Amino acid sequence: VVRDQRLADVLAELARHRPGFLRCDPEVADLRVSGALSLRDTDGALQALAERLPIAVQRVTRYWVSVGPAGA
């Protein structure tokens, strides 16, 4: 459960629970996040964030994921 945390901080915590690199674009880093996210299903957590926030999740490979502004 996260309450009013920066997106960059939430993604840093998710990154600790998944293989590879999870990048946060500085343009969206300060968006505020609240809610319940699963650390066991980080792909699901990323999907949930993308549904709630104006962000896009780009998967270059399974091990290289970048989160940036929607529509960029």
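Every number in this text was worked out from the coordinates using simple rules, so none of it is lab data. Keep in mind the model is a prediction, meaning the values are calculated, not measured. Cβ atoms come from the backbone with ideal geometry, glycine included; neighbour counts cover every protein chain shown.
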Residue separation between Gln5 and Asp30 times 0.36 nm, minus their alpha-carbon distance, gives in nm 8.1 nm
Test of understanding: what is the full-extension gain from Ala70 to Leu53, defined as 0.36 nm times their sequence separation minus their Cα-Cα distance?
5.3 nm
About the Cα centre of segment 2-69, what is the dipole size in debye to 20, counting +1 per Lys and Arg Cβ and -1 per Asp and Glu Cβ, all else neutral?
200
12 Å beta-carbon shell around Arg3, net charge (K/R +1, D/E -1)
0
Mean separation of Cα contacts under 8 Å (6+ apart) over length of the chain, as relative contact order %:
34
Can you tell me the equivalent ellipsoid semi-axes for the chain? Use √(5λ) from the Cα gyration tensor, largest first, whole Å.
16, 15, 11
Residues other than Asp43 with Cβ under 11 Å of its Cβ, Lys/Arg counted +1 and Asp/Glu -1, net out at +3
